[in-house]
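Note sheet for the following structure.
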């Protein structure tokens with residue numbers, strides 16, 4: 001079973017709306033990362049949040065981490081059509097390599 | 001600019017054949033990884049390496065092997081391709097600082113079809 005599970009599996013919103021994606025995980029982590037994947041391309045790192053951090057911002061991205069609930073959320077504000085992609089969370093559980101979830105497919109309608 | 005490249009980008013092969021997917025990075029990263037991506041499974045770790053002559057098995061390593069003879073390359077070999085190995089394969093690398101679980105840099109992927 002996956003260490004990280006994203007929710008929802010798919011999300012469709014209008015341009016200008018906010019998009020929120022959630023990630024739940026099972027075991028304790030050192031850090032959690034979010035990646036973006038455009039169709040047919042490789043993954044691109046968005047943001048890393050460490051286990052002792054609760055919130056982090058990068059441009060229009062806001063990531064929160066709740067270690068007591070073993071969950072994280074990625075908020076994209078004022079979404080654009082160019083934000084259409086799949087988004088993955090990845091966890092560092094101290095096992096020497098990142099473990100990825102199955103992703104959320106985001107569709108932003110212009 | 002530094003980059004990570006995979007080849008071939010697309011390959012069709014037959015069951016039982018040996019296949020090698022190449023991965024070359026110019027970041028001078030010590031850490032390199034191979035993942036496979038399948039619908040419904042996200043990315044699953046196949047093999048990884050923390051430096052020259054170091055290789056480690058991931059969660060789905062059966063039927064795959066890697067070797068690390070220099071810093072830049074980590075080729076992935078399918079010894080005897082099976083239809084279950086039809087997938088998209090991603091190579092990634094990270095860090096010069098010894099932190100293997102920092103930001104990963106991914107290649108564009110190699111789509112393999114085994115008939």
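The values are calculated or read from the model by the stated rules, or taken from the named source; none is laboratory data. Computed from a predicted model, the values in this text were never measured in an experiment. As a convention, Cβ positions derive from the backbone with ideal geometry for all residues, glycine included, and neighbour counts pool all protein chains shown.
Laid out as a table, the results:
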| read-out | value |
| --- | --- |
| Test for residue B:55: is it modelled with pLDDT of 95 or more and within 14 Å of chain A (Cβ to nearest Cβ) | yes |
| Selection count, segment A:51-78, where residues are in contact (Cβ under 8 Å) with a residue 60 or more places away in the chain and under 11 Å from the mean Cα position of the chain (by Cα) | 0 |
| Enumeration of residues in segment A:39-49 that are in contact (Cβ under 8 Å) with a residue 12 or more places away in the chain and either under 14 Å from the mean Cα position of the chain (by Cα) or in a strand (DSSP E or B) (or both) | A:43, A:45, A:46, A:47, A:48, A:49 |
| For residue B:71: the one exception among (1) on the phi < 0 side of the Ramachandran plot; (2) within 13 Å of another protein chain (Cβ to nearest Cβ); (3) surrounded by fewer than 23 Cβ atoms within 10 Å (Cβ to Cβ) | (2) |
| All positions within segment A:29-75 that are surrounded by fewer than 16 Cβ atoms within 10 Å (Cβ to Cβ), touching a strand residue (DSSP E or B) at 6+ places or on another chain (Cβ under 7 Å) and within 10 Å of chain B (Cβ to nearest Cβ) | A:30, A:44 |
| Strands (runs of 3 or more DSSP E) contained in chain B and holding at least 1 residues more than 12 Å from the chain's Cα centre (by Cα) | B:10-13, B:19-25, B:31-38, B:42-51, B:54-57, B:87-94, B:110-114 |
| Out of B:65, B:61, B:93, sole residue that is more than 20 Å from residue A:41 (Cβ to Cβ), surrounded by 14 or more Cβ atoms within 10 Å (Cβ to Cβ) and either touching a helix residue (DSSP H, G or I) at 6+ places or on another chain (Cβ under 7 Å) or within 14 Å of another protein chain (Cβ to nearest Cβ) (or both) | B:61 |
| Residues satisfying the stated conditions in segment A:76-101, i.e. within 14 Å of chain B (Cβ to nearest Cβ), at pLDDT 95 or above and farther than 22 Å from residue A:39 by Cβ | none |
| Some residue of segment B:41-49 being within 25 Å of residue A:4 (Cβ to Cβ), free of Cβ contacts under 8 Å to residues at least 12 places away in the same chain and buried (at least 21 other Cβ atoms within 10 Å of the Cβ) | yes |
